[in-house]
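Chemist: One structure, pasted below without further comment.
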Amino acid sequence: MEAVETRILLFDDVEVLDFAGPFEVFSIAETPDHRKAFNVKIVAESKRTVVARNGLKIVPDSSETGRSFCGSGKNHHVRRNLSRN
């Protein structure tokens, strides 16, 4: 079984624990035969640095356009279609 492609969408003012916690959990998850279960990528609307709450700066692995994302965080609910540039 191949690792499941998993993307975590970041946006300015995101709560650090809202993406760092899931990133950690998915990154260390293994299959019963000790292979990596998820291939986790951090993505944003563009490749520019994202500034989380309290100033933490994160450079996404890639930008995602033309996809739909749905998610939530402590202070935000996100549902957006990322437009193609």
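Throughout, read-outs are computed from the coordinates displayed, never taken from laboratory work. Treat the numbers as computed from the prediction; the structure is a model and nothing was measured. Neighbour counts run over all protein chains shown; Cβ positions are idealised from the backbone, glycine included.
Chemist: Calculate, in nm to one decimal, what ASN39 and SER27 gain on full extension: separation in residues at 0.36 nm each, minus their alpha carbon distance.
Modeler: Length gained between ASN39 and SER27: 3.6 nm.
Chemist: Determine, at each q value in 0.15, 0.17, 0.27 (inverse angstroms), the log₁₀ of I(q)/I(0) that the Debye formula gives when each Cα of region 16-65 is one equal point scatterer.
Modeler: -0.49, -0.60, -1.03
Chemist: Identify all aspartates and glutamates with a Cα-Cα distance to LYS47 below 13 Å; exclude those on the same chain that are fewer than 8 residues away in sequence.
Modeler: List returned: ASP12, ASP61, GLU64.
Chemist: Can I ask one more? In which sequence would PHE19, PHE11 go, from the one with the fewest C-beta neighbours within 10 Å to the one with the most? Display every interim value, and only then the final one.
Modeler: Details: PHE19 20, PHE11 17.
Fewest to most other Cβ atoms nearby, the residues stand as PHE11, PHE19.
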